[in-house]
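First the structure, in the form of structure tokens, and then the observations on it.
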Amino acid sequence: MKKLLQRIAGVIRRAWSKTIGSQDDNDNWGKKQPSKKDIKKSIKTFTIIFVIFSLFMADAFWFTYNKPEEVTYNQFLKDVENHKVDTVYYNTSKEKMRYTLYNNKTRNMSDEDKENYKYPKESWRQTYYPATMGFREKMLKEGVNVKIADFTTNFGRIATLLPSLFSLAIVIMIGMMLVQATGKGTGSNIEVTEDVPTRFTDIIGHDEIVDDLNFVVSILKGEVKSSLGITPPKGVLLSGPPGTGKTLTARAIAGEAGVPFIYVNSSSMVEMYVGVGSKRIRQVYEKARKLQPCIVFFDEIDSIGKKRGIMGGNSEDDRTINALLQEMDGFSSKDDRIITIAATNNEESLDSALVRAGRFDKKIMILPPRNWRVRKQMLEYYMEGKQLGEDVNLDEVAKQLSGFTGADINVLCNEAAIITASKKKEVIEEAYIDEAIDKVLTKGNRTKDKVDKRELEIVALHESGHAICSWVLGKKISRITVHGTTSGVGGFVLNSEDGKETLKSRRDLETSMIVLYGGRVAEALVHGNDNVTTGAVNDLSELDKVVRSFVKTYHFSTGYYQERFEKKYKEEKGKDDDLMQDIVRTVAHERCRGLLKKMQPYLLQLKDKILDEETMTGSDMNKFMNSIIDDESVKEWIAFVREYGVKLKGESIQQEEFTELASNSDLGLS
């Protein structure tokens, strides 16, 4: 009971401090001082609570104090048999009953006198109610008075209502949450920056979109010449992969124009409550009209702007997107200097009404850095203020970061600094940048446990197979490593995407298939088919995708593949896609095996080199391969493969000048 009272006192004390003020950590009252009216109101409230609480507690104490003596049911039967029981009080819904014993006063009393008589505590007994048929009749035959009674106190009655009260409290709480959610405040939904420090100089590698960005800035500054009949766009849609700088670009527009920037987290616009999303959209634009000229930026707009009607749709999502469409359509001439900018990673998923002309009129694609020179500029930008070692060559580092976005490079530079600090160093060395690259690429730390020598050799051989295939076929390599990581990646070969053409040829896909087979085939070639490992699981999964697109999407399985199909599956009826995929996969495997078999001596030398270095750049590999290949016939064959691809015996090439050379010089693979 003491602990209960202490807890109640604590609750009251906290509620009191929340109502009339707050105390800081030094037990001094906070800045908010209570008025006399607040104090009187609080005292009145807590007085009522205290009185009600006291009444229930008094009732509970009285019930506990007057609780009768507990006896067994057998004792009750003995008292009945000995004619000691005066009256039995019971309730069929209760487990226990009470009864009174005769005393000197009550034995000769009439029933009317007993009604007004207050039995002393020592006359009361309590036992289990048998709930048997004929209990009442049996008691009456024994001369015992029987009455229906309920001994539950007010406190007990309240306790029985607690589940219902608890359910009611939950309903009230949900109602209060709904009121808060649909209230006037939007503090957690929007963020307003009056003075944005970001400028176009902070955007690196996107020179091709600067003209579009300057046009938006001129609209916000009111510099667009109306004599040209230009209608300012109401919205700008920034699309591209994650981490390419869409939010940065939007902030830079606001910074260059010198206007407020209203950031809206689109995912916080929609909640489970009906009408919340549409109300918040209206609140955003109400604020924008007060701050214009300004930018309203919706980050990840696909959270509220997905195509309607997919999988049955969602009425709340529909209300939210309708509210946004109405706000963009409802811009009057006074709203011309409110520019809505939205960012998305997947433009195809957006509702057609949202991306049509008149809504998001201007669409700007923001892509990862297009070449290593742009990545070098980003490295220099993010490495500013960090001391680099003399062994760091940012040109070489940038060439290893093929496919990295601006956000990836930022994380890389930060990781390199963290690794340097963990080593108790002040200068970022090349080794720390190498470790940071592996960490960003594999999403894991390098393992510190010593790797089994044989397993490390298999990994090096596997990656050498990929690297040899890439190098012979003229596919650029950025990085090779056999450092194991906690994410489970034992090693990898990273091919460069620089200069990659948008359109892919049939030979491009054939090259990809051969390279993907490189690791598995290298293991089989050196250790035998029975000793290949599971290291190629991701390669084979990706290979299946390439083969499927080769046959089903691009319909490249003609010519030589059809001839092989007829020879191998002539007993099958029709040219089933699955059979054709099997043919393509088989040919790719044969080509890869022929290539690596011809390059096997160099494959083993490269494996040993990778084991020594653990990490190699594309430049390192080029130098090494050129230094170990001294056979002119091999050089001639490599030149042929880079020009015309890997050809098996029986495959023809279109160029007449090489047909005779291929047959006479054994440039084809047997």
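Just a few scattered comments:
- Each residue of segment 319-325 was assigned a 3J(HN,Hα) from its phi angle through the Karplus curve 6.51 cos²θ - 1.76 cosθ + 1.60 (θ = phi - 60°); the sequence is 4, 5, 5, 5, 4, 5, 4 Hz, with glycine and proline shown as x.
- Cross-link pairs 306/376; 597/623; 246/623; 246/552; 363/504; 287/363 - those with Cα-Cα distance over 29 Å: 306/376; 246/623; 246/552
- For segment 459-567, relative contact order (Cα pairs under 8 Å, six or more residues apart, normalised by length) works out to 26 percent.
- Measure of compaction for segment 345-452 (Cα Rg per 2.2 N^0.38 Å): 1.42
- Above 21 Å, the calculated P(r) of segment 455-532 contains 32 percent of its Cα-Cα pairs.
- Once the C-beta distance of residue 562 and residue 230 is scaled by a Förster radius of 56 Å, the resulting FRET efficiency is 0.50 to the nearest 0.05.
- Peptides 287-296, 244-253, ordered by how many other C-beta atoms sit within 10 Å of their residues on average, highest first, read 244-253, 287-296.
- Inter-label distance for residue 505 and residue 614, nm, one decimal - labels placed 7 Å from Cα along Cα-to-Cβ: 4.0
The numbers here are math on the coordinates, done by the rules we state, and not lab data. On a predicted model such as this, the values are computed, not experimentally measured, just so you know. Note that each Cβ is placed from the backbone with ideal geometry, even for glycine, and that neighbours are counted across all protein chains shown.
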